[in-house]
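Asks: Pasting a structure below so you can have a look.
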Amino acid sequence: MATLKELAKRTEGLVGGHRACAGCGASAAIRQILLAAADKPTVCGICTGCMEVVTTIFPFTAWNVNLVHNAFENSAATTSGMEAAYKALKRKGKIKGDINFIAFGGDGGTYDIGLQSLSGAIERGHKMLYVCYDNEAYMNTGYQRSSATPYGAHTTTSPSGKKIPGKQQKRKDLTEIIISHDPAYAAQATPGYYMDLIKKVEKALAADGPSFINVLSPCVPGWGYPSEQTMNISKMAVETLFWPLYEWQDGVYTINVKPREPKPVEEFLKLQARFRHVFKPGNEHLVEAFQAHISRQWERLLRKEEASK
Amino acid sequence: MKILAKTGNEAMAYAMKQINPDVVAAYPITPATEVVQIFSNYVADGEVDTEFVAVESEHSALSACCGASAAGARVMTSTASQGLALMHEILYIAAGNHLPIVIALVNRSLSAPINIHCDHSDTMGSREAGWMQLYCANSQEAYDSIPIALKIAEACGVPAIVSTDAFIISHCMDRLEVLEDDEVQKFIGEYNPKYFALDLENPKTYGPLDLQDYFFEHKRSQIDAFSKVLSTYNKVAKEYEKLSGRYYPAVEEYKTDGADVAIFTAGSTADTAKEVVDELREQGRKVGLVRMRMWRPLPVEEIKAALGKFKAVAVMDRSDTMADFGGPVFLETRGILYDLDKKPIITDYVYGLGGRNVEIADIVRVYDEISEIAKTGKVKKLVTYLGVRGEE
C-alpha cells in the first residue's frame, strides 16, 4: 500500500479551483481515490450530479485524467463501454499498457436512477471500479430525498412538517445489493478514514473484475453543519456505527473498524441540521427507532462477518 | 461478386460483420433481435474482433456505445421502436458529443397500443436528435447503406441511423449482392479520431457542463457538422457506386419525366409504388414516384428539384405528428416547397400504421385521387388516413 508520503508526491487527478462547496466530502473523497489510483493511467466516467457540475464547467476542468460525462443514470454503462473499447483497441495493438477505469456517481445516480445500469455493468464483469459518493440525498438539485437518505432525515422532498417528521423510510442497503452480484471486490468507506479509503481503492483496482466502493460523503449544505466539520462528521458516522467500514471479497466480510465503545447514534445526528427536528420534545421515539435500526444493522453485519470466516 | 439469399436483418448483420467494429453494445428487440443475435454468433465464432457488450437495456446499449466511441472505438448497435425510444435521451448526447455511432434499425410502431409491426413513428419521433437518417426500400439497400452511413458518420462527426421496414424487409428473404470483406474495409478505411478518451498523453474532459456562455456556439457547431452531411453523402454514395455498381441518391426519382403527379414516400412502400407506376404508365397515365431515402439532414434542394415540377404531390406518411395536420414528411415537405414560385398542390396520406398492409389498390387509389386534384385544382381532403375502418 502506498504511504502518505508517496501519495503526497503523486500527481493529483482532481485539482483545486473547482467550485465545490467549502468542506465538500465528495470532492475530498474523489481526490483521495485518484491519488490512490495514480500509479497507473486512469480514465474516469461520471454521472450528472454535484461532482460533475462543480468540476467541469466549460471551458474549465479540474480533472487531470480523462473524464467522460454522459448522463445522470449511466456512468456505469458508459464506463463499461470505455473498458470494452480498451479491450478491443488493445487487441488491435492501438493501445498499450494497463488503464484503471473508475466510474463515479452520487447516490441519486447510483442507488436510484442508475441502479440498473450499475447492476448490468457488474454482472457483465467489466474490469472497472464504481465509486458511489453517497451524500444521502439529491444534493445537486437542492437536497431532495433519495433511497440513500436515512430514516428521519429532513430533505426538501421529505421535509419535517407539522405532521410528518422527515423521511419515513429506511435507507436502502446498496452495498449489500452489489455484493449479491458477486463482484471482484466491494467495500464501504468514508474520507475521514482516508488511509482505509486509499487501501480499498488499491484493492478494488487490483481485483480481477468489477469492484464497488460506497463512500459516505458528508455534504455541508445538505446535512447542515459548519464546513470545517466534514472529516469529524465522517469519522463520527463510523464511531456511532451509522456507516460501518467493511469490505467484501470472495464471500468474506471483513469489518475494518470496530469501535471499542460505539457512541450512541445521536452523537452523529445532533451535529446536523437535517436531524434537528428529531431532538424536539415529543420526538424521542424517532431517535430510539433510529438507534434500533443502526444497532440491528450492525449486529447483522457482525453475524455476516462471523459466518463468512 | 457474391450473391446470397438474406433477409433485411441478415443483410444488416452481414454488413456489420464486414465492417468488424471495435465495439457493439446492443439489446435485442423485435423485429431487430436477429441483428444482435446473428452478430453475437459472428463474435462467438471468431469471425469478428469486436468486443460485444450484451447490455441490460437499450438505454445502456447507447450509453455504452457513447463510452466506447468517446474512448476512440468504431462503434455500432441495433434497435427498433421502444428500444429507440428508451435510447432517446442518449441519442442527443451521442450527437451533441459528435460520436459517430451507427444504428442498424428496424422501423416498428411505438406503444400504445403495443404492436410489433412496421411504421416509421420511432425514427420520425427522433428526427430532432441530430442523427443522419437513411430509410431503405429493400435488403440490398440496407446492406449497402451500413458502410455508406458509417463512412459519412465518421467523416462528419455525426451519428447515423439506417432503417428498414419491420418484417416487410427485416424478415423477407431477398437476393443480396455482397462485397468482399477487404473491399468493405478499404471503403470505410481505418478510424482514427482526433480526440479520444483513451489518449493518455492528452487528458481531456468529455461532455462537460456547458452553460449560457458557450452552449449556443457548441450547438451551432453541431448544426454546422450536420450541414456537411449531405454533400459528404453525395460524394460517398458515388464512391460506393464505383465499388458496387449501385447508386442511391438522397432523393430518388422514378419515372418522373413528363409526370403531372407523384407520390412522395419512403421505405418498402416506395418499391411497391414503383410497380404501380409501371402499370399506370403502361396505361398512358402521367404518374411518377419520388422516394425519400434521407430524412435527416433534409435534402432540401433535391426535394425542391424533384417535387417542384409536378401539378400535385401525394405524400405517403407512415407515421403521424399528432398535430392534427398529417404526418411529418407532409409537414416538412410543405415547408420545403413554400419558397417555390410555382408550387404543386400537396396532400397527405397517412398509411400503414402498426403494420397495416398497403396494397397495390391503395396506391392506385392515391394516384387516382391526386390525378383528379391535378385536373380540378380542388382538394377535398388534405389529410387522408388510408384504409382505416370508418374513415370514408
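The values are calculated or read from the model by the stated rules, or taken from the named source; none is laboratory data. As the structure is a computational prediction, the values presented were derived from the model and not from experiment. Neighbour counts run over all protein chains shown; Cβ positions are idealised from the backbone, glycine included. Surface areas here come from the heavy atoms of the whole protein model, side chains and all, with no ligands, DNA or RNA. Shrake-Rupley method; radii C 1.70, N 1.55, O 1.52, S 1.80 Å.
Asks: Using only the alpha-carbon atoms, how far is helix B:229-244 inclined from the longest principal axis of chain B? Give it as 0 to 90 degrees, nearest 10.
Replies: Compared with the principal axis, the helix lies near 90 degrees.
Asks: Take the Cβ-Cβ distance between B:Thr232 and A:Asp250 as r, set R0 to 45 Å, and report the resulting FRET efficiency rounded to the nearest 0.05. List each step's numbers first, then the result.
Replies: On the way: r = 53 Å, r/R0 = 1.18.
FRET efficiency, B:Thr232 to A:Asp250: 0.25.
Asks: In the structure shown, do any of A:Lys172/A:Lys199; A:Lys90/B:Lys204; A:Lys170/A:Lys203 have a Cα-Cα gap over 28 Å, and if so which?
Replies: Working: A:Lys172/A:Lys199 25 Å; A:Lys90/B:Lys204 20 Å; A:Lys170/A:Lys203 30 Å.
Violating the 28 Å Cα-Cα cut-off are A:Lys170/A:Lys203.
Asks: Assuming a ≥ b ≥ c are the square roots of the Cα gyration tensor eigenvalues, decide whether the protein assembly as shown counts as rounded (a/c under 1.5), prolate (otherwise, with a/b larger than b/c) or oblate. Please report the intermediate quantities before stating the final value.
Replies: Numbers: a/c = 2.57, a/b = 2.00, b/c = 1.29.
Prolate.
Asks: Kindly identify the stretch B:30-80 as rounded, prolate or oblate by the Cα gyration tensor criterion: order the square roots of the eigenvalues as a ≥ b ≥ c, call it rounded if a/c is under 1.5, otherwise compare a/b with b/c, prolate if a/b is larger, else oblate. Write out the running numbers ahead of the final one.
Replies: Values: a/c = 2.20, a/b = 1.12, b/c = 1.97.
Cα axes put the stretch B:30-80 in the oblate bin.
Asks: I would also like to ask the following. Leaving out ligands, DNA and RNA, calculate the buried accessible area for the pair A and B with a 1.4 Å probe, summed over both sides, in Å² to the nearest 100. List each step's numbers first, then the result.
Replies: Details: alone 13960 and 17160 Å², together 27890 Å².
Chains A and B together bury approximately 3200 Å².
Asks: Another question, if that's okay. Return the aspartates and glutamates within reach of A:Lys94: Cα separation strictly under 15 angstrom, same-chain partners fewer than 8 residues apart disregarded; answer none if there are no such residues.
Replies: Here the aspartates and glutamates satisfying the reach criterion relative to A:Lys94 are A:Glu83, B:Asp22, B:Asp49, B:Glu51, B:Glu190, B:Asp199, B:Glu201.
Asks: Can you give the local net charge around A:Met231? Use residues other than it whose beta-carbon is closer than 15 angstrom to its beta-carbon, Lys and Arg +1, Asp and Glu -1. Before the final figure, lay out each step's value.
Replies: On the way: positive: A:Arg31, A:Lys235; negative: A:Asp196, A:Glu228, A:Glu239.
Result for the local shell: -1.
Asks: Run lengths n ≥ 4 of DSSP H only: what is the helix-derived mean residue ellipticity at 222 nm for the protein assembly as shown, with -39500 (n - 2.57) per run over all residues, to the nearest 500? Show your work: numbers first, answer last.
Replies: Values: 23 runs with 271 residues, N = 701.
Computed ellipticity for the protein assembly as shown at 222 nm equals -12000 deg cm²/dmol.
Asks: Based on a Kirkwood Rh over C-alpha pairs, give the Stokes-Einstein translational diffusion coefficient of the stretch A:1-86 at 25 °C and viscosity 0.890 mPa s in µm²/s.
Replies: Numbers: Rh = 13.7 Å.
Answer, rounded: 179 µm²/s.
Asks: Compute the acute angle (0 to 90°) between the alpha-carbon long axis of helix B:268-282 and the principal axis of greatest extent of the alpha-carbon atoms of chain B; round to the nearest 10°.
Replies: 30
Asks: Please go through the stretch B:16-95 and write out the GluC sites (Glu not before Pro) that DSSP classes as loop and that have at most 15 other C-beta atoms within 10 Å. The partial results should precede the final answer.
Replies: Values: sites: B:Glu34, B:Glu47, B:Glu51, B:Glu56, B:Glu58, B:Glu89; in loops: B:Glu47, B:Glu56.
When the GluC sites (Glu not before Pro) of the stretch B:16-95 are filtered for loop state and at most 15 Cβ neighbours within 10 Å, B:Glu47 remain.
Asks: Follow-up. Provide the percentage of antiparallel DSSP beta bridges, counting only those with both residues in the protein assembly as shown; round to the nearest 5. Before the final figure, lay out the partial values.
Replies: Details: 20 of 86 bridges.
Once the DSSP bridges in the protein assembly as shown are tallied, antiparallel ones form about 25 percent.
Asks: A follow-up question, please. For the Cα atoms of chain A, what angle does the longest principal axis make with the long axis of helix A:75-91, in degrees from 0 to 90, nearest 10?
Replies: Helix A:75-91 sits roughly 20 degrees off the main axis of chain A.
Asks: Just to be sure I understand: with springs between alpha-carbon atoms less than 10 Å apart, which residue in A:His18, A:His285, A:His277 has the highest mean-square fluctuation in the Gaussian network model of chain A?
Replies: Of A:His18, A:His285, A:His277, the Gaussian network model singles out A:His285 as fluctuating most.
Asks: Next question, about the same structure. Ignoring ligands, DNA and RNA, what percent of the accessible area of chain A is carbon or sulfur (1.4 Å)?
Replies: Details: 6650 of 12330 Å².
Its accessible area is 54 percent carbon and sulfur atoms.
Asks: Something else: Using R₀ = 22 Å, calculate the FRET efficiency as 1/(1 + (r/R₀)^6) where r is the Cβ-Cβ separation of A:Ala289 and A:Lys263; round to 0.05.
Replies: Values: r = 18 Å, r/R0 = 0.80.
Efficiency computed from Cβ-Cβ geometry: 0.80.
Asks: Sort B:His120, B:His218 from largest to smallest accessible area, using a 1.4 Å probe on the heavy atoms of the protein chains. Mind showing how you got there, number by number?
Replies: Working: B:His120 5, B:His218 70 Å².
Largest accessible area first, the list is B:His218, B:His120.
Asks: Find out how many positive minus negative residues lie around B:Gly8, taking Lys and Arg as positive, Asp and Glu as negative, among other residues whose Cβ is under 14 Å from that of B:Gly8. Let's see the in-between values first.
Replies: Details: positive: B:Lys6, B:Arg108, B:Arg175; negative: B:Glu10, B:Glu34, B:Glu141, B:Asp144, B:Asp165, B:Asp174, B:Asp271.
For residues surrounding B:Gly8, the net value is -4.
Asks: Let me ask something else. Can you give the local net charge around B:Ala225? Use residues other than it whose beta-carbon is closer than 14 angstrom to its beta-carbon, Lys and Arg +1, Asp and Glu -1. Please list the in-between numbers first.
Replies: Details: positive: B:Lys194, B:Lys219, B:Arg220, B:Lys228, B:Arg296; negative: B:Glu154, B:Glu217, B:Asp224.
Neighbourhood net charge equals +2.
Asks: Quick check: the distance between the Cα centres of the stretch A:224-250 and the stretch A:126-197, to the nearest angstrom?
Replies: Cα centroid of the stretch A:224-250 versus Cα centroid of the stretch A:126-197: 12 Å apart.
Asks: Springs between alpha-carbon pairs under 10 angstrom, Gaussian network model over chain B: which of B:Leu353, B:Leu86, B:Leu110 fluctuates most?
Replies: Of B:Leu353, B:Leu86, B:Leu110, the Gaussian network model singles out B:Leu86 as fluctuating most.
Asks: Give the residue list of trypsin sites (Lys or Arg not before Pro) in the stretch B:176-234 that are DSSP loop and have at most 13 other beta-carbon atoms within 10 angstrom.
Replies: Values: sites: B:Lys186, B:Lys194, B:Lys204, B:Lys219, B:Arg220, B:Lys228; in loops: B:Lys194, B:Lys204, B:Lys228.
Loop-located and lightly packed - B:Lys194.
Asks: Starting from 0.36 nm per residue, how many nanometres of slack lie between B:Glu391 and B:Gln283 once their C-alpha separation is accounted for?
Replies: Working: separation 108, 0.36 × 108 = 38.88 nm, distance 2.95 nm.
Going from the current span to full extension adds 35.9 nm.
Asks: Now for a separate question. My understanding is that a pair violates if its Cα-Cα distance is over 24 Å; which of B:Lys186/B:Lys242; B:Lys235/B:Lys311; A:Lys87/B:Lys2 do that in this structure?
Replies: On the way: B:Lys186/B:Lys242 13 Å; B:Lys235/B:Lys311 31 Å; A:Lys87/B:Lys2 33 Å.
Over 24 Å apart, Cα to Cα: B:Lys235/B:Lys311; A:Lys87/B:Lys2.
Asks: Could you state the principal axis extents of the C-alpha atoms in chain A, from the largest down, to the nearest angstrom?
Replies: Principal-axis extents of chain A (Cα, largest first): 68, 49, 39 Å.
Asks: Using the Cα gyration tensor of the stretch B:251-385, with a ≥ b ≥ c the square roots of its eigenvalues, what is the shape: rounded (a/c below 1.5), prolate (a/b larger than b/c) or oblate (neither)? Intermediate results must be reported in sequence, preceding the final value.
Replies: Values: a/c = 1.25, a/b = 1.06, b/c = 1.18.
Cα axes put the stretch B:251-385 in the rounded bin.
Asks: Antiparallel versus total DSSP beta bridges in chain B: what percent is that, nearest 5? Please report the intermediate quantities before stating the final value.
Replies: Numbers: 11 of 50 bridges.
The antiparallel proportion sits near 20 percent.
Asks: Same structure, new question: Keeping every protein chain present and rolling a 1.4 Å probe, give me the accessible area per residue for the protein assembly as shown in Å².
Replies: That works out to 40 Å² for each residue.
Asks: Now for a different question. Which of A:Ser158, A:Ser146, A:Ser234 moves the most in a Gaussian network model of chain A with Cα springs under 10 Å?
Replies: In this elastic network of chain A, the residue with the biggest mean-square fluctuation among A:Ser158, A:Ser146, A:Ser234 is A:Ser158.
Asks: To continue, here is another question. Please report the carbon-and-sulfur percent of the accessible area for chain B; probe 1.4 Å, protein heavy atoms only, DNA, RNA and ligands left out. Walk me through the intermediate numbers first.
Replies: Working: 8100 of 15560 Å².
Using a 1.4 Å probe with all protein chains present, chain B comes out at 52 percent carbon and sulfur.
Asks: Another question, then. Can you give the convex hull volume per residue for the Cα atoms of the stretch A:1-156, as a whole number of Å³? The partial results should precede the final answer.
Replies: On the way: hull volume 21.3 nm³, N = 156.
Convex hull volume per residue, Cα atoms: 136 Å³.
Asks: Under unit Cβ charges (Lys, Arg +1; Asp, Glu -1), what dipole magnitude, rounded to 20 debye, does chain B have relative to its Cα centre? Write out the running numbers ahead of the final one.
Replies: Details: 40 positive and 57 negative charges, 248 e Å.
Magnitude of the dipole: close to 1200 debye.
Asks: I've got another one for you. Going 7 Å from the Cα of A:Ser180 toward and past its Cβ, which residues in the stretch A:59-92 have a backbone nitrogen under 20 Å from where you end up?
Replies: Inside the label zone: A:76-77.
Asks: Considering only DSSP beta bridges with both partners in the stretch B:251-385, what is the antiparallel share in %, to the nearest 5?
Replies: Working: 4 of 22 bridges.
The antiparallel fraction comes to roughly 20 percent.
Asks: Please give the FRET efficiency for B:Arg365 paired with B:Phe215, using the beta carbon to beta carbon distance and R0 = 45 Å, rounded to the nearest 0.05.
Replies: Numbers: r = 49 Å, r/R0 = 1.09.
E(calc), rounded to 0.05, equals 0.40.
Asks: Excluding residues on the same chain fewer than 8 positions from B:Lys274, give the aspartates and glutamates whose Cα lies under 12 Å from its Cα.
Replies: B:Glu252, B:Glu253
Asks: Extent of chain B along each principal axis, from alpha carbon coordinates, in Å, largest to smallest?
Replies: 70, 53, 43
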